[in-house]
Amino acid sequence: MTTPLILLPGDEVPSDYLPSSKSNPLKIGSGLRLLSQPSTKSKEPNHVLSATQAGILETDARRNTISLLSFPNRRYIPTTNDLIIAQVHHSSADFFHCMITPHTAQALLGQLSFEGATKKTRPMLKQGDIVYARVLSVGIGAGAEVELTCVNPATGKANPGGLGPLNGGMVFDLSTGMAARLLHASSSSADDDEPVDGLVVLSELGKKLEGFGGFELAVGRNGKVWVDCSNAEENAIKVTIAIGRCLQGTDEHNLNPADQKKLVTRTLRDMKLV
Amino acid sequence: MAREAPPALVEQEFILNALKEDIRLDGRGVDQFRPLNITFGEEYGHVKLQLGKTSLVVRISAEVTKPRDDRPFDGLFNIAMELSAMGSPAWENGRSTDYETHVTHVLDRVVRHSNALDTESLCILKGVSCWSIRADVHVLDYDGNLTDAACIAVMTGLQHFRRPDAVVRDGQVIVYGVEERVPVALNITHKPLSVSFCTFNEGHNILVDATRKEEQAAEGEMVIGINNGGEVCFVSKFSGASLDPISVVEKTDVALLKVKELNTQLDKVLQADLAKRAKLGMADESRAANDR
């Protein structure tokens, strides 16, 4: 596919845009809803999908995934398999009750859904702690509970890496669209010449901040990004704030790659890091 | 849910640790306001204000009413402010919170009770009719420091507003329309503004114009209302950790500096808007002549 396909809510995904691989089951990402599946009974040979948001259709033939890259709005609607940063609100006997976004229904995170967690070794999270988790299920209908997990049920590992409680560092708010772009950019960093989604701010920061011991980053689809640079020691706070400001600046002003590089240089100079 | 969602522990800890090194999240200095952007609507007294991500709209309106019996020489002036769900998901329509009471109280004290608007000049005919000026504050988005933003917006609105001209002839009150006679500016006696301070780390860090996250991490708050001449018309320290008296005096100086800065900026935007209107008015007139 050469030209990007823009869909409006309610539009059906044209069948020639669907990834054609038959070996893997088709994985549907955010912004799309499955209307019917190919089966022996129905005449339709393909999946029928319709868009629930406006956005650009994204497909990955190798992994057989299809999703919608939506506009940078501020409202997050949980979708299965999204990686998010949730905040523990309180805990009960079996669950941690977590906030994905403020003022929405709380999501459930099992006390034992952490890597290697048993009744004795499970993490003791308290109110206000944050966890990097995956949306396990969103339920159907009104009042359905969103369930989170920090472990891959098939392998018992924190898969993809890094799921679990996040300690130290700082959380910055971004738009959900920017969070999606960051996740997309990090998952498909195959070639370095072509910036993914026009996003060079992270690689630029990585290059410039190498001398400070680099940084750790966790992006949540719910519009949160966690940054930790404890390696930078006495400069840790400055580096963290610089990263946060660069990401937020790129998000708010919708900067192009050249401006992103300028912003990084300017911010680092402003924070006296260069 | 009538409360803002609490910040994550790491956020709170990080903000406090950063302040120990005198660094704020957005890179501002301790005594620095966020960028202030003021625009005006088509009508007089319609102000849109943005202070960082806090944004609000103020409408000033005037009507002729009967003055209060105990003050026949005075006009009426009211500030109406309600925090609606539009501003933040934590606020509910029609239910007032402590925060709302606090903000309206500060506005009332700083703008109304300091006599910034000369209510005696609003009298048209003693005991019979007077102007009633009303300022409506609508919060569109909330990211901290609502008091200062609202104060600036109301004061700008009052200076921008023009009421219709009214005269008394043979005991009759005649109100002229805006087209008939040039509307009159309100009589502003002085220009007080509030400056809020948030304290952190046992009073070691005192910040001006805190964002919502900073406000949530703060241990105490203090509001100083002061005018260009350095006359303090309001000081409040309602809640939170105690504060060293010396820092109250020091911060009054800071507040004076800030208010002078802000008022200069306000004068500039008001002048620019007046000039724009004058030009438009002239263009309108010449167009009317051509029509004839």
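Key figures for this structure:
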| item | result |
| --- | --- |
| Hits in the range A:2-24 - residues which are at pLDDT 80 or above and assigned to a loop (DSSP other than H, G, I, E, B) | A:Pro4, A:Leu5, A:Leu8, A:Pro9, A:Gly10, A:Asp11, A:Val13, A:Pro14, A:Leu18 |
| Wholly within the range B:135-204, strands (runs of 3 or more DSSP E) carrying at least 3 residues that are among the polar types (S, T, N, Q) | B:193-200 |
| Elements of type strands (runs of 3 or more DSSP E) in the range A:61-106, at least 1 residues being within 14 Å of chain B (Cβ to nearest Cβ) | A:83-91, A:95-99 |
| Residue in the range A:232-255 that is out of contact with any Phe, Trp or Tyr (no Cβ under 8 Å at 6 or more places or on another chain), more than 14 Å from every other protein chain (Cβ to nearest Cβ), surrounded by fewer than 19 Cβ atoms within 10 Å (Cβ to Cβ) and of a type in the set (S, T, N, Q) present | yes |
| Only listed residue being within 11 Å of chain B (Cβ to nearest Cβ), surrounded by fewer than 19 Cβ atoms within 10 Å (Cβ to Cβ) and of a type outside the set (Lys, Arg), chosen from A:Asp270, A:Asp197 | A:Asp270 |
| Single condition B:Pro6 does not satisfy, out of (1) facing chain A (nearest Cβ under 8 Å); (2) closer than 16 Å to B:Asp136 by Cα | (2) |
| Some residue of the range B:166-187 being of a type in the set (Val, Ile, Thr) and under 26 Å from B:Pro35 (Cβ atoms) | no |
| Residue check, B:Arg109 basic (Lys, Arg) and either assigned to a helix (DSSP H, G or I) or in contact with a Leu (Cβ under 6 Å, 6 or more places away or on another chain) (or both) | yes |
| Number of positions in the range B:17-57 that are assigned to a helix (DSSP H, G or I), more than 8 Å from chain A (Cβ to nearest Cβ) and either free of Cβ contacts under 8 Å to residues at least 12 places away in the same chain or in contact with a strand residue (DSSP E or B) (Cβ under 6 Å, 6 or more places away or on another chain) (or both) | 1 |
| In the range A:122-142, the residues that are farther than 30 Å from A:Leu34 by Cα and either away from every other protein chain (no Cβ under 14 Å) or assigned to a loop (DSSP other than H, G, I, E, B) (or both) | A:Arg122, A:Pro123, A:Met124, A:Leu125, A:Lys126, A:Gln127, A:Gly128, A:Asp129 |
| Residue count, the range B:223-245 (criterion: part of a strand (DSSP E or B), more than 17 Å from the chain's Cα centre (by Cα) and crowded, with 18+ Cβ neighbours inside 10 Å) | 0 |
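The values are calculated or read from the model by the stated rules, or taken from the named source; none is laboratory data. None of these values were measured; they are calculated from a predicted model. Neighbour counts run over all protein chains shown; Cβ positions are idealised from the backbone, glycine included.
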